[in-house]
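Novice: Structure provided below as structure tokens; questions to follow.
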Amino acid sequence: MCGIVGYCGTQDAQSVLLDGLKRLEYRGYDSSGLAVNTSAGLKTVRAVGKVSELLRALKTRRLAGSTGIAHTRWATHGMPTEANAHPHRDCTESVAVVHNGIIENHASLRARLEQSGHAFASETDTEVIAHLIEDALKDGAQLSHAVGAVLPMLEGTYGIVVASSLEPDTLVAARLGSPLILGIARDGYILASDASAILQHTRDIVYLDDREIVAITRAEYHIRTFENVTVQKPVETIDGEAADLQKHGYAHFMLKEMMEQPDVVLNSTRGRLDAENGTAVLGGLRDVEKQLRDIKRIVIVACGSAYYAGCVGEYMLEEYAGIPVEVELASEFRYRKPILDSGTAVVAISQSGETADTLFAVREAKEKGALTLGIVNVVGSSIARETHAGVYNHAGPEIGVASTKAFLSQVVVLSLFTLVLGRQRALSLVMGQRIVKELLALPHQIQVLLDCREPYRAAAELLADAHHALFLGRKYCHPIAHEGALKLKEISYIHAEGYAAGEMKHGPIALVEDGFPVVVIAPRDSVFEKSMSNLHEIRARGGSVILVTTEGAPYDASLVDRVITIPKTLEMLTPLLAVIPLQFLAYEAACARAFDPDMPRNLAKSVTVE
Ligand code: M6R
């Protein structure tokens, strides 16, 4: 999704901003631009396409100065054109604005501004902000006060940063529903929509909250609320190194992140497994331990891959903790008038912790009196801060747009959560100990799957030329079928559907014809035999079968075209192994089709608009 960088300091702003934009590329975007206060005024350069296009444009128009703002745009209002790229300007060209989010009342604001003589240069919702600030500056107001005066007129969500030639060494930023952080570096201040644009300069961060405005100069920053109350905020030192954001010799971030998965399990479980008592110790839930004992129902809210992780959690929690669980797409949850009370825990799962739909679902749940918990990867993100309690994934930064290691860590954390809730209830010590033992074995088992990748390449050959594919799974592997299909469609653009294997004969079997590829995820578990009947049904209609099953499983080799085996583990942990080959199938298919798996078209890493 759109990315923001702002810099005010002693360095060359253009270099700092461009470096920041490159580090935000992973979020997904279709144009970019920057504005710098130069000796000749506030100058803007924008370009359609990659940041490399912007670099090209800057070759002949270098912007020299030490205060500026920059943006990568993911089109919402208006096509990805240079005119629609940020920063946006006012009529006098003294103001430049970058914006993440959506201004919902932009049409009425625009009409009013046009009536009073403002001329618009773009189709975006953002441009109204620049013109409104222009008006607010007319009576000689300071930039910070002008921005403060405009914010109450805006409906929707925003993270904005504003520069002005009237105060060339000042930037003003504000947020409402869209993340913004302030980095405090030796040579100045950096504003950004996520830490990856800041980490190479400093690890000292101030997280802005909704309804806060920050004004920065080279020498200082000042934060206040929309109601004009000064706020003192803690400076937090974030973990992680800029080096985590490099590919380390891998062709793609996605590949690097898949290869990191043994370590991800280690990091997500480190210090959290209590083998003796067959349980997990989750420090982030300590304050709500008593409430957790009393809850009668869990509602999981999430989007995309995180939703499928939640679906695996539903099977785990119902089987081992005996608590009724519902998994809701966060985008639907708040419009359904959900019935919640203090006996319900609402668990929000989100890698970024900034997904707008999931964040709004958390707010809705809080308003209705539910206990809210977060399973979040990005430390300090909005969902992490707004939930009552939660568990961090510790998966490290995930740059690949297609979620891999974060998904895995979400399922791991859900297994730890199951242990905690289960041992508070009827889960036996012996079974708890068994789950812990199997969790400890996972990193090695995943490493085995990563060490032998030839079967994935061979299986991907069956998919690479296909237009459609079906993924089938039962019980714990039903959500994994959906996750495998999502991965494939996201990065290889092959249309793929995930289905509960038992549903095949209720519709999707109509698709199966000669050569139609079906990925069947059928580990040797309690439903293995049932899945084997699917193989017959597919074969009888000429379909090609890629079977993902457990080593030594007794399948009929004449019914399958490719087989990928995974090590044996507990049924509830099988998704953690079965998903690895599916990630590789998608990755290999995308590469075979010459698509960049890190930059899937139209997608954004962090979806901060509804
Ligand atoms: O940051 P989140 O976990 O909240 O993101 C949720 C989805 O947008 C995300 O999982 C998306 O579906 C990925 N592109 C899947 O690969």
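The values are calculated or read from the model by the stated rules, or taken from the named source; none is laboratory data. Remember, it's a predicted structure, so these values are computed and weren't measured experimentally. Cβ sites come from the backbone with ideal geometry, for glycine too, and all protein chains shown count toward neighbours. All accessible areas refer to the heavy atoms of the entire protein, side chains included, with ligands and DNA or RNA removed. Shrake-Rupley method; radii C 1.70, N 1.55, O 1.52, S 1.80 Å.
Novice: Which of the trypsin sites (Lys or Arg not before Pro) across segment 1-86 are loop residues per DSSP, with 13 or fewer other Cβ within 10 Å? Can you show the working numbers first?
Specialist: On the way: sites: Lys22, Arg23, Arg27, Lys43, Arg46, Lys50, Arg56, Lys59, Arg61, Arg62, Arg73; in loops: Lys50, Arg61, Arg62.
Filter output for segment 1-86: Arg61, Arg62.
Novice: Once you have the alpha carbon radius of gyration of segment 253-450, what is it after dividing by 2.2 N^0.38 Å, with N set to its residue count?
Specialist: That works out to 0.96 for segment 253-450.
Novice: Can I ask one more? Exactly which trypsin sites (Lys or Arg not before Pro) in segment 285-320 are in a DSSP loop and have at most 11 other Cβ atoms within 10 Å?
Specialist: Taking segment 285-320 and a limit of 11 other Cβ atoms within 10 Å, the loop trypsin sites (Lys or Arg not before Pro) found are Lys296.
Novice: Which aspartates and glutamates have a Cα lying under 16 Å from the Cα of Lys138, excluding residues fewer than 8 positions away in the same chain?
Specialist: Partners found: Asp90, Glu93, Glu167.
Novice: Here is a further query. Once a ≥ b ≥ c are taken as the square roots of the eigenvalues of the Cα gyration tensor of segment 454-592, is the result rounded (a/c under 1.5), prolate (a/b larger than b/c) or oblate (a/b not larger than b/c)?
Specialist: Verdict is rounded for segment 454-592.
Novice: Moving on. I'd like the GluC sites (Glu not before Pro) in segment 14-117 restricted to DSSP loop residues with at most 15 other Cβ atoms within 10 Å, sorted by number.
Specialist: Hits after loop and neighbour filter: Glu82, Glu93, Glu104.
Novice: Within the set Lys233/Lys290; Lys290/Lys605; Lys405/Lys568; Lys59/Lys405, which residue pairs have Cα atoms separated by over 28 Å?
Specialist: Flagged as over cut-off: Lys233/Lys290; Lys290/Lys605; Lys59/Lys405.
Novice: How do 124-130, 320-326 rank on mean C-beta neighbours within 10 Å, highest first?
Specialist: Final packing ranking: 124-130, 320-326.
Novice: Also, I was wondering about something else. For the chain, list the DSSP H helices whose alpha carbon atoms reach 27 Å or more along the long axis and whose average Kyte-Doolittle value is 1.0 or above?
Specialist: Length and hydropathy pass: 405-424, 574-592.
Novice: Whole-Hz Karplus ³J(HN,Hα) for segment 547-563, in order, using 6.51 cos²θ - 1.76 cosθ + 1.60 and θ = phi - 60°, x for Gly and Pro?
Specialist: These are the phi-based 3J(HN,Hα) values: 9, 10, 9, 7, 3, x, 5, x, 9, 8, 4, 6, 9, 10, 9, 9, 10 Hz.
Novice: Now for a separate question. Under 25 °C and 0.890 mPa s, how fast does segment 2-245 diffuse according to Stokes-Einstein, given a Kirkwood radius computed over C-alpha pairs? Answer in µm²/s, whole number.
Specialist: Diffusion coefficient, whole number: 141 µm²/s.
Novice: Something else about it: Give me the Kirkwood hydrodynamic radius of segment 41-132, using the inverse of the mean 1/r over all pairs of distinct Cα atoms, in Å to one decimal.
Specialist: About 13.9 Å, per the Kirkwood formula over Cα pairs.
Novice: Let me ask something else. With all protein chains present, how much of the accessible area of the chain (probe radius 1.4 Å) comes from carbon and sulfur, to the nearest whole percent? Kindly include the intermediate steps, with their values, before the conclusion.
Specialist: Values: 11500 of 22760 Å².
Carbon and sulfur: 51 percent of the exposed surface of the chain.
Novice: Can you give me the three principal axis dimensions of the chain from its C-alpha atoms, in Å, biggest first?
Specialist: The Cα atoms of the chain stretch 79, 54, 43 Å along the principal axes, largest first.
Novice: Lysines within cross-link reach of Lys296: Cα-Cα under 25 Å, excluding same-chain residues under 8 positions apart?
Specialist: Answer for Lys296, where 25 Å is the Cα cut-off: Lys337, Lys366, Lys368, Lys475, listed by chain and number.
Novice: How many angstrom separate the Cα center of segment 117-148 from the Cα center of segment 410-475?
Specialist: Segment 117-148 and segment 410-475 have Cα centres separated by 52 Å.
Novice: In Å and on Cα atoms, what radius of gyration and Dmax does segment 220-352 show?
Specialist: Rg, Dmax (Cα atoms, Å): 19.6, 55.
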